[in-house]
Every structure is written in structure tokens, then in C-alpha cells.
Amino acid sequence: MLSLLAGILLLTACTPPGMKLDSRPAATPAPTEMGGLRVTLRPLDPQAVASARAASAAPADLAELVSDRPQPYRIGPQDVLLVTVWDHPEITLALGQYRTDQASGTLVEEDGTMYFPYVGKLMIKGLTISEARARLTAELAKVLRNPQVDLKVLAFRSQKVYVGGEVHTPAVYSITDVPFTLAEAMNRAGGFTPAADDSRLLLARGDRTWRLDFQDLLARGNRIGAIYLKDGDSLTVPNNLEDPVYLLGEVTRPGSLPLVHGNLSLAKALADAGGILGASADARSIYVIRQGQTAKAVDVYHLDARNPTAMVLADQFPLRPRDIVYVDAGTLVRFSRVMDLLLPTVNAVTNGVVGYYEIRYFKNQ
């Protein structure tokens with residue numbers, strides 16, 4: 001964010017006194033090297049709108065996630081198993097008719113073994129239920145004639161997924177023999193809170209992190225049911241106020257606005273801010289300041305809104321988290337004034353908060 005502000009400051013500082021940013025940039029905008037930043041001034045025209053909409057609509061690369069198919073549940077430490085050997089009540093009915101499943105459950109130890117009569121310790125960590133049943137049956141066959149063994153998991157404790165952030169019930173949830181999909185995770189967590197940003201869910205797995213748009217996944221064939229979570233995964237739902245859009249300069253209510261389901265157009269942002277100040281704002285000088293593709297790149301989109309049809313473009317131009325919308329004053333002033341206006345907000349915007357005094361400072365100019 002600091003590089004964004006530094007870019008616009010450098011761009012304005014290099015403009016001759018008493019002039020605005022050039023509202024007629026070249027057909028192919030070229031970046032300008034300024035203080036180690038590549039600052040590019042772009043017209044907010046149909047081409048820019050089409051490019052921005054295409055970038056916003058581009059789906060995340062989920063090939064690796066979707067290609068992972070659910071695997072059979074594999075037994076691990078702390079799981080509780082129920083083993084039944086038919087026709088051998090001395091093994092399975094230690095408490096007689098008063099037995100409960102929990103009371104007769106067998107705990108898988110930390111080393112991955114379980115203890116069972118006539119067998120002793122048996123390594124079953126990493127086995128599926130059918131594989132564990134077959135191994136136990138083979139061991140019992142050494143002392144029993146044709147043993148009939150049934151095995152099931154009473155308590156799933158070894159594999160867990162963390163779901164946190166803006167959900168109604170953040171917690172650590174156990175993976176069971178039912179495939180744990182993204183849809184199941186949100187169902188167990190009670191769904192999103194009103195403050196949730198469901199367009200930027202973060203799924204962390206090992207050293208990889210995916211950003212998921214829940215609504216987009218629903219729209220593209222209900223793919224939330226095709227993403228399976230694994231042991232150790234962490235799913236975080238961010239707050240929609242963490243990365244808002246900032247509105248500064250000659251608008252009625254400077255401040256910040258959240259994106260709703262990841263969507264907010266430039267026209268709606270200006271409308272939600274009460275519109276531009278008719279007495280002091282310059283409709284020719286509406287700018288969107290955005291971090292470029294790299295940390296050293298800054299894109300500045302310029303909109304000349306004197307023509308009412310330009311607001312159609314503004315309505316079609318999607319804003320991104322932490323964009324800065326700046327409306328310049330209507331009088332011809334030195335760009336040093338723009339620098340003086342923006343400098344007091346550098347620290348506040350960098351920290352994600354626009355302070356009250358900075359907002360009042362802008363309104364009183």
C-alpha cells in the first residue's frame with residue numbers, strides 16, 4: 001500500500017505546476033520509472049473496463065484441489081475402534097449385556113498400535129477400516145478357528161481440519177469416513193457471519209495457500225462439493241472490512257467501503273460516499289490508484305466524468321481490495337497541494353485505517 005501512495009505522489013510531483021494529470025494519455029500507456037516504482041497512468045475507457053472485468057472473472061487455478069479425489073478413511077492415533085468377534089463373547093462382551101459401544105471401544109495408541117486379546121499389540125496406523133479388519137482377522141486365525149471379525153470406528157479423533165474467521169462456529173473439526181468437502185466444512189461451521197468476505201476464503205495446506213471465491217464456485221457448477229479438505233488443512237474466512245476500498249478527496253463522505261461478495265464498482269463506491277462535491281470537485285479528475293502486478297508497480301486509472309455516459313464505464317469498472325479512489329479539487333492548483341493532502345494519510349492507509357482527522361482534513365480543503 002505504501003508503494004501505491006508513493007507512486008501517485010511521485011506521479012503528481014513530476015507534473016508542472018498549475019496543471020492536472022494528463023487526461024489524454026497515449027493509446028498504449030507506458031510506465032514511468034519514478035523513485036524505483038513503475039507508475040502507469042491509464043485512461044478508464046472501454047478497453048480498461050474489459051481488461052479489469054476479465055481479470056476479476058478469471059477463476060483461480062483449482063486444478064490440483066479439484067483433482068484430489070476422496071480417499072478411504074485411514075486409522076490413526078487417538079481413534080476409538082469397536083471390534084466384534086462373532087461367537088466369542090469372552091472377547092467382545094466383557095461387560096455382558098450392560099456393555100456400551102464407548103465402554104468397549106479400543107483406543108489406538110500414539111505409536112499407531114491397538115491391543116486386542118489373543119493378539120496383543122497390532123500396528124494398524126495408516127490402514128483403512130477394511131485393511132485393519134483383514135489384518136486383525138489374520139492374527140486371530142492363528143488362535144481361533146475361522147474368526148468372523150467386524151471393525152468400525154467409534155470416535156474419529158486422528159484427523160482434523162481448522163475452520164476459523166467469520167463463521168458462526170469456528171472450531172477444529174474431525175474428518176470422518178464421510179468425505180469432508182468445502183460445503184461440509186461451511187455447514188459444520190454454521191455458515192458465514194454478516195461480516196464475512198466469502199469471496200476470499202483462504203485454504204492453507206502445507207506450504208500452499210489457495211484463495212477461493214465461494215459464490216463463484218457455486219456459480220460454476222457447485223464446485224464447493226468437489227473440493228475435499230485433508231488432515232491438517234486450515235480454512236479461514238476473512239472479515240470484509242480488512243481490505244476495503246478507500247475514498248479520498250472531494251467526495252461527500254470520505255472513508256472506506258467494504259466489498260460485498262467481492263464486488264464493488266467505481267460508480268457504486270462514489271454513490272455510497274454521497275457522490276462528488278459539486279462546488280469543489282473536478283469531474284474530470286477522478287482517479288483509481290491500484291497496486292500493479294508487482295510490488296514495484298502502480299497503476300493509476302483516470303476517469304473524466306464530465307460526460308454522463310462516462311458513469312456507465314464507472315459502473316462497469318470493478319474495484320479491488322485496497323484500491324484508493326481519489327477525486328481531485330476543481331480549481332487549478334499546484335500538485336504540491338495534492339502531495340500535502342495525501343501525505344497525512346500515508347500511515348493510516350498503510351495500517352488499513354483512515355483516521356477521523358485525515359478525513360476532516362480532506363473535507364475542509
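The values are calculated or read from the model by the stated rules, or taken from the named source; none is laboratory data. What you are looking at is a predicted structure, and each value in this text was computed from that prediction instead of being measured. Reconstructed Cβ throughout: ideal geometry from the backbone, glycine too, with neighbour counts over all protein chains shown.
Some values worked out for this structure:
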quantity	calculated
Condition check for GLY165: among the small types (Gly, Ala, Ser), outside the structural domain of ALA204 (by TED's automatic domain parsing) and touching a residue at least 40 places away in the same chain (Cβ under 8 Å)	no
Test result for ALA269, in the same structural domain as TYR326 (by TED's automatic domain parsing), among the hydrophobic types (A, V, I, L, M, F, W, C), part of a strand (DSSP E or B) and without any contact (Cβ under 8 Å) to a residue 60 or more places away in the chain	no
Top-ranked residue in the range 276-299 [being touching a helix residue (DSSP H, G or I) at 6+ places or on another chain (Cβ under 6 Å) and buried (at least 22 other Cβ atoms within 10 Å of the Cβ); ranked as modelled with the lowest pLDDT]	VAL298
Any hit, the range 247-256, residues being in a strand (DSSP E or B), in contact (Cβ under 8 Å) with a residue 12 or more places away in the chain, small (Gly, Ala, Ser) and closer than 25 Å to TRP210 by Cα	no
Boolean, LEU203 is of a type outside the set (Gly, Ala, Ser) and assigned to a strand (DSSP E or B)	yes
The lone exception for VAL163 - which of (1) modelled with pLDDT of 90 or more; (2) over 23 Å from TYR73 (Cα atoms); (3) under 14 Å from the mean Cα position of the chain (by Cα) it fails	(2)
Residues of the range 168-182 classified as modelled with pLDDT of 95 or more and touching a Gly at 6+ places or on another chain (Cβ under 6 Å), total	3
The range 206-230, residues that are closer than 25 Å to ASP177 by Cα, of a type in the set (D, E, K, R) and part of a helix (DSSP H, G or I)	ARG223
Scope the range 111-128; condition among the aliphatic types (A, V, I, L, M) and assigned to a strand (DSSP E or B); matching residues	MET114, LEU122, MET123
Extreme residue, nearest to the chain's Cα centre (by Cα), among residues of the range 202-225 that are surrounded by 19 or more Cβ atoms within 10 Å (Cβ to Cβ) and closer than 23 Å to GLN71 by Cβ	LEU212
Residues located in the range 145-194, provided they are buried (at least 17 other Cβ atoms within 10 Å of the Cβ), in a loop (DSSP other than H, G, I, E, B) and among the hydrophobic types (A, V, I, L, M, F, W, C)	PHE156, ILE175, PHE180, ALA189
Residue in the range 94-116 that is modelled with pLDDT of 75 or more and more than 24 Å from PHE156 (Cα to Cα) present	no
